[in-house]
Amino acid sequence: MSENISICPASLPMLDKAKNEGIETVFDRSKEMKTCPFGSVGTCCRNCAMGPCRVNVKGETEEEQEYGGKVGVCGATVGTIAARNFARMIAAGTAAHSDHGREVVQTFILAAKGETPGYEIKDEVKLKAVAKELGIDPQNKDKNKLAVEVGEKLLTDFGRQEGELTFIKRAPKKRQELWKKLGIIPRGIDREVVEIMHRTSIGVDQDYRSILHQGNRCSLADGYGGSMIATALQDIMFGTPIPLRSKVNLGVLKEDQVNIIVHGHEPLLSEMIVLASKDPDLLDFAGKNGAAGINISGICCTANEILMRHGIPVAGNFLQQELAIITGAVEAMIVDVQCVMQGLPRIAKCFHTEIITTSEKAKMPGTIHFEFHAHNALKIAKDIVKRAINNFSKRGKVNIPDESIDLIAGFSHETINYMLGGSFRASYRPLNDNIINGRIRGVVGVVGCNNPKTTHDFSHVTLVKELIKNDVLVVQTGCAAIACAKAGLLTPEAAKKYAGPGLAEVCETVGIPPVLHLGSCVDNSRILEACSAMVAEGGLGDDYSDLPVAGAAPEWMSEKAIAIGQYFVASGALVVFGVTFPATGSKGFSKYLFDEHEKITGGKWAFETDSIKMAHLMIDHINKKRVALGIDKKPQRVLYDMELRRELKF
Ligand code: SF4
Ligand code: MSK
């Protein structure tokens, strides 16, 4: 039975164990849950107390649905309701990434002021580069003073009422002009989220095109605001990732050590936990408690953050958070914000595991709360680690699946630049050249979550294998990256085994995997940066929408994925989602997203649940872009005679 639930070799035995011991997991709850047929297609409105109104109309055409079909009590049509719901998902996703970004900026400023022991400004090169972008002269400035200036300037992006977000300038000129013409350049991050909530409340914006107009503006506040700021300052504070080797899957848990799993999103806490786990006193204390060491691993995006910068192993992705506890080997699961299931404490009760919440914003009944504050972060981290060590002796029977595999991570935008161009002439030229000469067909970002409505990891792995087989270089973030890492796709060796001949040749020459791990969900902003660099390098058009690229989230579940998808669509990309699409109840609005929107920003959404078809949807799109760029034909090989050689100019 478990085989249909997951393809992950470590998850299957844990699912069997759960079944045998009568432990309920997310997979059981998903099977039992009768999802609402209105809500799942975006046509249930509960924005006022005259409803909830469910308007799953059956009309064949948009006209039948919008003008002759069932409407809400206030008269809201199905298109308005679907668009309002969709826009609210964008707002929620943007809020999540941006509130994360805000925490990072505030801690960054405190760190630079020397008020947060444990944190420091690590990457001065990136600090100076960002300062220059912000119009701050870094010359002869103390790094901490400079960091305060940078942090305070970026903090204004959150509350700004007019003007433009700072990092909008990272987009190609032509794209910025288009956004300006359309009126979708975000003013301030918070303002765009608030405006969506206002416009989508009863009796305000009642035109799905207008609602999505604000959806575009808000999503850009995520991509070029909250997410991009978080990535930039995290890199400066904790170090810009460079390629490193590590391990992934539940087999990274160690039977003879204290196992601490960090789970959630913000690296502010996990960085300190990593630091605390190396403390000689705590290591000594672990020894006295019979443990051979302190083993830190991660789940979800926290895992990606500490993997990218420290090579800390990854225990699993979103759907493995409960399964990790079922190993019986986890002393503490330390959580902060986002993607933390409330099912955790119920499962933890069956074992000795303690769930430790740390954010003032995210509390859970049945857990222990150690409130995390930046000014004494290291002390709190040490207290938490000590508590986990104390728990080691309470362990019962342990079943750690013997499943873990190597992966390479750490591909920041800067790293890709250096790896391809060399440290003296960092450049995207070789990538562009290999796209132009056809060795690499194009680039696809495969990102996002797991969803128990579909076989765990299957769509990610199937999609990515099909893409690389067709010479498409894949870049990944989030739980998607963890899924493919578990399938062995994030190693240089995977190129020879799975990639098409062109991509394999490039990977072999440069020494990179065919699938590059770029980090956590906020690090999707690295993909935007990489696309900007590709345009700036030349030869592939002068806007994002000219590039032979696309994006996909085949197993998405979070509102954050919709926000990410929308900022790529607003940036001119084709974005394909699997599992379900929360707007298909409205013929008009879904036609707008899937088709008409391309005429506005050059980008559009698509929905496809079959991973192979999804891959070919994107490959066809990439092929069309290649034709438009005039790079669809292999350059003809010319045999030069002496006369032709003499004409050659060097
Ligand atoms: Fe119903 Fe309109 Fe109220 Fe929504 S806003 S619940 S459609 S009456
Ligand atoms: S953690 S948002 S399940 S990718 Fe970023 Fe994974 Fe999706 Fe959470």
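All of the numbers you see were taken from the coordinates with simple rules; none came from a lab. Please read these numbers as outputs of a predicted model, since none were measured by experiment. Every residue, glycine among them, receives a Cβ derived from its backbone with ideal geometry; neighbour counts consider all protein chains shown.
Could you sort the peptides 241-251, 345-355 by per-residue average Cβ neighbour count (10 Å cutoff), highest mean leading? Can you show the working numbers first?
Numbers: 241-251: 21.3, 345-355: 19.6.
Put in order of decreasing packing, that is 241-251, 345-355.
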**Asked** Around Leu574, which amide H atoms from residues at least 5 apart in sequence, or from another chain, sit under 5 Å from its own amide H, with H modelled in the peptide plane?
**Response** Gly551, Lys604
**Message:** Through the Karplus equation 6.51 cos²θ - 1.76 cosθ + 1.60, θ set to phi - 60°, convert the phi angles of the range 586-600 into ³J(HN,Hα) values in whole Hz; use x for Gly and Pro.
**Reply:** 10, 5, x, 5, 5, 4, 4, 5, 7, 9, 4, 4, 4, 6, 8
**Prompt:** Considering only Cα-Cα distances, which of the following residue pairs are longer than 29 Å: Lys181/Lys624; Lys128/Lys173; Lys143/Lys173?
**Reply:** Lys143/Lys173
**Prompt:** What lysines could a cross-link reach from Lys382, if we take a straight Cα to Cα line under 18 Å and drop same-chain neighbours fewer than 8 places away?
**Reply:** Lys278, Lys288
**Complete:** The FRET efficiency for Met50 and Ser210, from their Cβ-Cβ distance with R0 = 22 Å and rounded to 0.05, is 0.50
**Request:** Determine the sum of side-chain charges near His621: Lys and Arg each +1, Asp and Glu each -1, restricted to other residues whose C-beta is under 15 angstrom from that of His621.
**Result:** -2
**Message:** Relative contact order for the range 104-196: what percent, with Cα pairs under 8 Å and sequence separation of 6 or more?
**Reply:** 26 percent
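Counting only other residues whose beta carbon sits under 10 Å from that of Gly264, what net charge do I get with K and R as +1, D and E as -1? Could you put the intermediate results ahead of the total?
Numbers: positive: none; negative: Glu266, Glu305, Asp336.
Local net charge: -3.
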**Under the Karplus curve 6.51 cos²θ - 1.76 cosθ + 1.60, θ = phi - 60°, whole-Hz ³J(HN,Hα) for the range 397-411, x wherever Gly or Pro sits** = 6, 10, 10, 8, x, 7, 9, 8, 8, 6, 8, 10, 10, x, 8
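Which peptide among 570-576, 557-563, 174-180 comes first, and what is the full order, when sorted by highest mean count of other Cβ atoms within 10 Å?
Output ranking for 570-576, 557-563, 174-180: 570-576, 557-563, 174-180.
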**Request:** Work through the residues other than Val337 whose Cβ is under 9 Å from its Cβ and net out their charges, Lys, Arg +1 and Asp, Glu -1.
**Result:** -3
**Item:** Under 5 Å, built H, 5+ apart or other chain: amide partners of Ile355
**Value:** Met333, Ile368
